[in-house]
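J.: One structure is given below, represented as structure tokens, and several questions about it will come after.
We did not get these values from a lab; they are worked out from the coordinates using the rules stated. From a predicted model like this one, the values you see are computed outputs, not experimental measurements. Glycine also receives a Cβ, built like all others from the backbone with ideal geometry; neighbour counts cover every protein chain displayed.
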Amino acid sequence: MKKFILLILLFGVFSNFVDAQDENCGVHINCDPNREYPYRFCDGITRCTANPADEVNPGVVKAPFPVCLSYNPDKGPHNVMLSNGPGLVEVFDDSKVEADMHCAEFQWNCLCGMQNADCLCMINLVWTQEPKDIEDPTSRVAEAATRWAGCIVKCNGTGFPPSIIVLNNTTGFNYPKNTNSRRILVNSDCEYYKVNQNWDGLANNTLNLCDIITHELGHIYGLKHYNEKPICAPIITLANGIMNSNAKANQAKRELTDDDKCAFSRLYCNAVHVENSDSLFSKIQVKTYPTPTQSTLNIEFTINGVAVDLIFQVFNETGKLVYDNGYYFPNQGLNRITTDFSFLTNGIYYFKIHSMKNVFSGKFVIAK
Amino acid sequence: MKLTLSILILILALLININTNVYSQSPPCFPGFQGVYYQMDDIVNCPPYNSNMSLDVFIGYLALDSLSKYAGYNEYNEFMNRQSYNDTLRTMMRYIYKTVEYNPSNFLCFMYHNRYNSAPADEYFYGLIKNVLQESPSPILDASLIGSFFIAQIHVDSIYSYIDSLAQIAKNCRDVIASTNQIFKGTLPSYNNNLPIIDPTIQFTYANEWFLQGFESPTDTLFELENGKSYIVFLEYRYICRDSSHIYYEIFPIRCSKSRTACMYPIVNGNVIDTYNELGFGTSVNINTFYTLLANRINEIKNYTP
């Protein structure tokens with residue numbers, strides 16, 4: 001009887017947990033309407049757009065939504081050769097791999113309130129020891145082999161070859177930090193998978209498996225790296241998004257940033273209410289005048305807290321840096337940057353003023 | 001004397017035959033590996049500086065080594081994203097081209113050992129190729145020149161097809177044995193550094209699946225080499241594994257330059273066929289003109305001064 005009550009209690013706690021997770025799904029997302037994100041278009045080229053759902057000819061490559069991941073334990077890694085470490089070790093626990101796949105699925109599905117929907121596309125998750133399977137097997141943790149037909153991702157293992165997410169288990173993937181290390185994927189709770197935690201090499205070289213799968217699943221959905229060209233406007237290279245190309249070691253599972261949420265929801269759930277961001281743009285009052293301008297532009301901004309060194313840069317529409325003033329040393333209170341841009345040709349330009357931690361940006365027009 | 005020499009040559013030939021006939025063998029550090037592999041002695045000094053290398057090669061290694069030890073890849077990436085096809089990028093192209101060309105095997109070795117640094121050199125190497133692809137007016141040509149370890153005109157002598165049972169994607173593989181007619185970059189790799197090369201042949205592997213880019217279009221078709229035909233190929237070395245004294249690697253057509261034919265261009269009736277004009281020399285170019293254009297571009301890269 002006691003066991004029965006305990007089970008009921010546990011079920012109740014679990015249900016509350018699920019409900020609590022679901023409560024945050026499909027709710028309003030704060031997006032800057034002017035902010036563009038990079039997407040894979042149907043002609044294979046990556047472009048920036050603020051309205052991916054409106055793109056046609058070529059459109060953005062989409063996957064039938066939602067996507068589910070499948071994993072064949074027979075093709076899992078199980079044993080990984082840590083060539084400079086303790087040798088052959090059993091790394092993964094199948095049940096935990098399943099949990100991290102669901103973690104990744106949930107992160108994206110939840111944004112559009114589709115966390116309980118039936119999946120429309122199955123993508124296999126595999127580990128490979130064969131360097132031929134990965135374009136850059138020495139440094140890449142994983143790759144999404146996104147293949148599509150008619151601008152829709154080839155799902156369910158069909159096609160030659162099918163769309164697939166490949167995790168690097170080649171012997172060459174064996175860095176960094178020191179000679180006793182290899183990057184190891186861990187589960188969402190940062191548990192090591194059946195690996196002796198006392199082995200020195202592990203401590204500084206773990207990657208979160210849910211994050212890695214979420215990132216690759218983002219590619220399947222059509223999202224591209226934020227920190228590679230084309231750099232979208234306003235510049236978002238400093239965004240700490242899951243779609244940045246560099247995996248971060250030694251961190252617990254990351255939450256999706258506003259950038260991740262906006263990039264995805266604009267493509268898959270445009271009906272979700274999107275409102276202006278309550279971000280640095282509104283917290284720091286930036287004023288540019290005159291705009292359009294023929295040559296001289298004034299940018300005014302107020303710093304209420306401690307003034308820190310700033311960098312002022314201007315980019316053209318393709319994201320190329322056209323002006324870099326180096327460090328700017330502002331005062332507390334009102335600041336004005338007056339710059340002669342007569343060397344620029346007519347067009348829309350984006351400026352970025354950033355410190356080590358914060359960035360605020362805007363655009364102006366040159367019309368001569 | 002003649003007999004001794006003959007026996008010696010016979011032994012060498014036998015050794016080479018055994019060593020190069022690797023279809024059913026695997027490197028000792030990778031049981032089950034299928035395909036052609038090469039073996040080289042591990043380098044003792046890393047970076048592999050020596051007094052014979054040119055200043056540009058020295059600087060190339062020094063820069064990669066310093067970046068990997070002291071720079072952060074994110075900062076480097078941001079810096080590179082701000083570069084156009086400018087002096088900075090073109091100077092980097094010069095250094096890296098010469099560094100790879102000087103001794104491709106040592107460069108591969110260096111990249112392997114350097115991977116233990118916080119930001120491994122291979123990330124900078126492949127990052128530079130990505131930048132070249134984005135900025136160069138001849139993106140595929142320049143990325144292929146910079147990224148290749150070996151560029152040559154080859155004549156295909158035999159092709160061995162097999163299914164790689166270990167692979168998850170690249171299953172339909174071809175091992176190619178080809179004689180080399182003209183080498184533009186690099187030197188013929190020897191199976192074992194200690195053995196002389198008797199025939200100017202090279203063996204490399206490619207997989208059908210690489211040519212399927214994803215989008216369904218007339219280009220979304222397989223590309224196959226054919227026996228008895230000649231090609232211009234851009235090849236790269238790929239690390240497989242290592243044991244206590246050797247590094248094992250394989251040779252692929254270069255993959256990072258995004259060529260739709262993996263940078264393999266057939267020569268038909270004395271013309272180089274580049275169906276998609278990826279190299280910018282035209283879709284069908286006389287072989288001698290092609291030689292000249294390619295050599296000119298290589299010279300421009302190697303001799304660039306801001």
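J.: Name the long-range amide H neighbours of B:ASP274: under 5 Å, sequence gap of 5 or more, or other chain; modelled H, no Pro or chain starts.
T.: For B:ASP274, the qualifying residues are B:SER284, B:VAL285.
J.: Sticking with this structure for a sec: Report the calculated FRET efficiency for A:SER342 and B:ILE159 (r = Cβ-Cβ distance, R0 = 41 Å), to the nearest 0.05.
T.: In this case the efficiency is close to 0.10.
J.: Between B:SER51 and B:ALA295, with labels modelled 7 Å along Cα→Cβ, what's the label distance in nm to one decimal, could you check?
T.: Label at B:SER51, label at B:ALA295, 3.3 nm between them.
J.: A follow-up question, please. Using the 10 angstrom Cβ neighbour count as an exposure proxy, how do B:THR180, B:THR261 rank, fewest first?
T.: In increasing order of surrounding Cβ atoms, one gets B:THR180, B:THR261.
J.: B:GLN134: net charge of surrounding residues, Cβ under 10 Å, Lys/Arg +1, Asp/Glu -1, itself excluded? Please list the in-between numbers first.
T.: Values: positive: A:LYS229, B:LYS130; negative: A:GLU228, B:GLU135.
Every neighbour counted, the sum reads 0.
J.: Using the 10 angstrom Cβ neighbour count as an exposure proxy, how do B:SER138, B:SER245, B:SER105 rank, fewest first?
T.: Details: B:SER138 16, B:SER245 8, B:SER105 21.
Ordered from fewest to most neighbouring Cβ atoms within 10 Å, B:SER138, B:SER245, B:SER105 come out as B:SER245, B:SER138, B:SER105.
J.: Neighbouring Cβ atoms within 10 Å as the yardstick, rank A:TRP108, A:TRP127 fewest first.
T.: Working: A:TRP108 27, A:TRP127 23.
So the ranking, lowest neighbour count to highest, is A:TRP127, A:TRP108.
J.: Quantify how strongly other chains surround peptide B:165-176 by giving the mean number of their Cβ atoms within 10 Å of each of its Cβ atoms.
T.: 5
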